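Have a look at the structure below before the remarks.
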Amino acid sequence: MNAHDDDSTAARPPSRPDPRPDEDPRTTAGPDGKALASAPVSVPAPRSAPGSDPDPDPGGGVAALSLPYQVGAVLALVVVGVVVCVHLGMVFLHVAPPNTVSRQHAQAVDGWIYPEFEQNWKLFAPNPLQQNVAVQARAEVRAADGGIRTTGWYDLSAEDGRAIDGNLLPSHTQQNELRRAWDFYGGSHDGDNRSVGLRGALAEQYVRRIAVLRLERVDPGGAVGAGGVLERVQVRSRTSGVSPPPWSGEKATGRPVYRSLPWWTVPAGETRGGVR
C-alpha cells in the first residue's frame, strides 16, 4: 500500500448503515455545505391495552347488549309481535262477513273488540254521516254541607274539538273515544233507551265512566268542586244536520234534536270522591 492509497482511504467518508424502516432518511446541509444525516425519527407502533382485541368491532343495536339484555329484548319483540298479530286477526274477524271462524269464536272476538276497538263503515257510501252529534253531560253533586245541586250542561264534544284544533298529532282519545262510545250506545239501545242487545249494560257503563272522568276534569276544580261528591250523571246528545253546499240545491235541516238519557247513579269507586 502506498501513501496515495492511504490518503484516498482517509479522505473517504465512513460508510453508514442503511436506515431502518422506522427512521427518516432525510438529510440536511452543514456549515461547510456538506450533507449531514439528520437524526432518525422513530415512529412508535400503536399499542393496545393488555388482554384487549387489537382490532375491536363494537357493533351496534341488540348485538352491543349483554346476553341477558339480548334475551329480554328478543322476548319483548316477540310479545309485541304476537299481540299485534292477534289484534289484527280479531279486527279482521270483526269486520269480515260472518263465517265459520267468526261464529265459532264470536264471544272471544267481541270480548277483545268491545268497547274500545269497535268498527263500522259509516264513513263510506251509501250512507255516510251527514250530521253533527255533540255529546253533553251534567252532574248531580252532594256538597260538603249535605245540599244537592245540579250542574249545567258541559259540551264534552266541544272540548275534544278544541283539543284537536291546531293539533298536528291529536290522540285517539280526543278524536274517537267519546264519539265511538256514543255510537256504541246508540247501536245497543232503542229510542226509549232500552237495551236491545247483549252489550247494552257494557255500553251504559262505558258512556257513564267517560262522562264521570270528563266532568272531573272540566274547570279548574272540576264540576264537583271542593268537598263535593258526584252522586249521579246524565248524558244527552245534540244532533244537527250538516249544512249542504250552495250548489247542491238541498235545504238545510231544522232545529237541533236532543236525546236525553236517564240519570245514572255513580257506583262507589268510579270517581275520586265517589260514594263509599
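Some notes on this structure:
- Top-ranked residue of segment 87-113 - restricted to ones that are over 23 Å from Ala181 (Cα atoms) and of a type in the set (Val, Ile, Thr), ranked as surrounded by the fewest Cβ atoms within 10 Å (Cβ to Cβ): Thr100
- In segment 221-242, the residues that are more than 30 Å from Gly254 (Cβ to Cβ), out of contact with any Leu (no Cβ under 8 Å at 6 or more places or on another chain) and open to solvent by less than 20 Å² (accessible area, probe 1.4 Å): Gly228
- Within segment 101-118, residues that are under 15 Å from Leu198 (Cβ atoms) sit with their Cβ atoms under 7 Å from residues that are open to solvent by 70 Å² or more (accessible area, probe 1.4 Å) and part of a loop (DSSP other than H, G, I, E, B), at 6+ positions apart or across chains, in these pairs: Tyr114/Arg199.
- Cβ-Cβ under 7 Å pairs, at least 6 apart or on other chains, segment 131-159 side closer than 12 Å to Val229 by Cα and basic (Lys, Arg), far side modelled with pLDDT under 90 and in a loop (DSSP other than H, G, I, E, B): Arg142/Gly228; Arg149/Ala143
- Condition check for Gly197: more than 28 Å from Gln119 (Cβ to Cβ), touching a helix residue (DSSP H, G or I) at 6+ places or on another chain (Cβ under 8 Å) and without any contact (Cβ under 8 Å) to a residue 40 or more places away in the chain: no
- Residue match in segment 229-239 (condition: part of a loop (DSSP other than H, G, I, E, B) and touching a residue at least 24 places away in the same chain (Cβ under 8 Å)): no
- Among the residues of segment 243-276, the one identified as open to solvent by less than 70 Å² (accessible area, probe 1.4 Å), modelled with pLDDT under 75 and of a type in the set (A, V, I, L, M) is Val275.
- Of the residues making up segment 98-137, those that are at pLDDT 80 or above and assigned to a loop (DSSP other than H, G, I, E, B) number 2.
- Flag for Val229 being over 32 Å from the mean Cα position of the chain (by Cα) and modelled with pLDDT of 85 or more: yes
- The helices (runs of 4 or more DSSP H) found wholly in segment 138-220 and carrying at least 2 residues that are open to solvent by 30 Å² or more (accessible area, probe 1.4 Å) and within 17 Å of Trp263 (Cα to Cα) occupy 200-217.
- Test: residue in segment 254-265 that is under 34 Å from the mean Cα position of the chain (by Cα) and more than 26 Å from Thr150 (Cα to Cα): no
The values are calculated or read from the model by the stated rules, or taken from the named source; none is laboratory data. All figures in this text were calculated on a predicted structure; none of them were measured in a lab. Ideal geometry is used to build each Cβ from the backbone, glycine not excepted, and the neighbour counts take in all protein chains shown. Areas reflect the complete protein model, heavy atoms only, side chains present, ligands, DNA and RNA absent. Shrake-Rupley method; radii C 1.70, N 1.55, O 1.52, S 1.80 Å.
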